[in-house]
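The values are calculated or read from the model by the stated rules, or taken from the named source; none is laboratory data. These figures come from a predicted structure and were not determined experimentally. Cβ placement follows ideal geometry from the backbone for every residue including glycine, while neighbour counts extend to all protein chains displayed.
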Amino acid sequence: MASVTCTAPVNIAVIKYWGKRDTELILPTNDSLSVTLSQDILHSKTSISAQAEFDQDRLWLNGKEEDITKNKRMHNCFRETRALRRAMEEQDGSLPKLSTFGVHVCSENNFPTAAGLASSASGLAALVFALAQLYKLPIDMSDLSRIARQGSGSACRSLFGGFVAWETGKEDDGSDSRAVQIAPDTHWPELEALVCVVSDKKKGTSSTSGMQQTIESSPLMQERLRVVPGRMAAMTQAILDRDFPAFAELTMQDSNQFHSVCLDTYPPIFYLNDTSRGIIQLIHAYNKLHGGYKAAYTFDAGPNAVIYAPKENMKEIIQLIHHYFPAGQDTPRDVYFSDPYQVFQD
Ligand code: PMV
């Protein structure tokens, strides 16, 4: 029997991935860019083991067995990593034939699953990283990110710490659609992320069907595809320069455009709720009061806010959030405070 346990962090995009040009290979319609959060606070922890007696691959998620027989995405990850292992076994006959064994996966998130907190990103990144460790694959992170991408698009970015771009790529086979690190976690230590859990309910529209619906019915999506390349370049520069005002403006504009595109689909998709919109107003009012950028919000496919800000402003921001959104139903009652750095594998 061979076993391994790994953790992988959550990443929160500041230029969002939304839309696929190939749904099988998970090739995106645009480049995206994210910040990997500290995995001390938010992570997926995945243990896997392969045994000759295991006749099929099985998954236990947060302690409950899930039926993965129709989970194509997970099977993509098993298939791709097994193929690489098989090639190694064919070359070196002394290696145990792990590629022929079933794999049991036990995965836990220490935060709400499927509530727009990038749980699929950390979950699939942890799985692919664990498989690479189990099979002892001699593969670099960018190449591994092409496999993670086929599990869940945004998972490819969770294989790196710091600031990470997912390049769309030009090839139809997806060979150049991979994640690359723009700057390591140590590059901008003053930048922090505050995660406000507005709701821990499972989201109504999955990102897969939301993206499909957007591609099929949103005229505004064309405009988004026109502006994203410029935003990617500007965001990369803002990060390299540690220019918080530029970073903040682009982050908020991109989050707003992503949610506008969702609203522009027919029928519309609503990921934000009244509390989310209240947080948006609060951050704009806070910035206006100070005559500059003190904080930036962003929202994924759910109502939960992630607020990026320089460390020195965080105390005040937490106080503001607690003051205007006192604990109760649908308020940001859980506030995770995290540095954007990561340490891989436990
Ligand atoms: O990787 P998926 O299918 O969970 O999609 C993620 C989509 C967003 O979180 C909304 C944006 C992003 O870039 O992470």
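Observations on the model:
- For segment 168-189, residues that are of a type outside the set (S, T, N, Q), in contact (Cβ under 8 Å) with a residue 40 or more places away in the chain and surrounded by 14 or more Cβ atoms within 10 Å (Cβ to Cβ) total 7.
- The residues in segment 12-37 that are of a type in the set (Val, Ile, Thr) and either part of a loop (DSSP other than H, G, I, E, B) or near the ligand (Cβ under 8 Å from one of its atoms) (or both) can be counted, and the count is 5.
- Flag for Ala155 being in a helix (DSSP H, G or I) and either within 13 Å of the ligand (Cβ to nearest atom) or surrounded by 20 or more Cβ atoms within 10 Å (Cβ to Cβ) (or both): yes
- Residue count for segment 219-240, restricted to those that are among the polar types (S, T, N, Q) and within 16 Å of the ligand (Cβ to nearest atom): 1
- From the list Tyr308, Tyr271, Tyr266, the lone residue that is over 27 Å from Asn109 (Cβ atoms) and hydroxyl-bearing (Ser, Thr, Tyr) is Tyr266.
- Number of the condition not met by Asp243 [criteria: (1) away from the ligand (no atom under 13 Å from the Cβ); (2) not assigned by TED's automatic domain parsing to the domain that holds Asn313]: (2)
- Lone qualifier among Thr265, Thr208 - being within 16 Å of the ligand (Cβ to nearest atom) and farther than 26 Å from Gln281 by Cα: Thr208
- Lone unmet requirement of (1) farther than 20 Å from Val164 by Cα; (2) within 15 Å of the ligand (Cβ to nearest atom); (3) assigned to a helix (DSSP H, G or I) for Glu216: (2)
- Look at (1) within 29 Å of Gly204 (Cβ to Cβ); (2) at pLDDT 85 or above; (3) touching a Phe, Trp or Tyr at 6+ places or on another chain (Cβ under 9 Å) and you find that Pro310 fails only one, number (1).
- Looking at Phe78, Phe111, just one residue is buried (at least 16 other Cβ atoms within 10 Å of the Cβ) and part of a helix (DSSP H, G or I), and that residue is Phe78.
- Test: residue in segment 90-98 that is under 30 Å from Val198 (Cβ atoms), aliphatic (A, V, I, L, M) and at pLDDT 95 or above: no
- Members of segment 166-208 that are assigned to a strand (DSSP E or B) and touching a Lys or Arg at 6+ places or on another chain (Cβ under 8 Å): Trp166, Glu167, Arg178, Ala179, Leu191, Glu192, Val197
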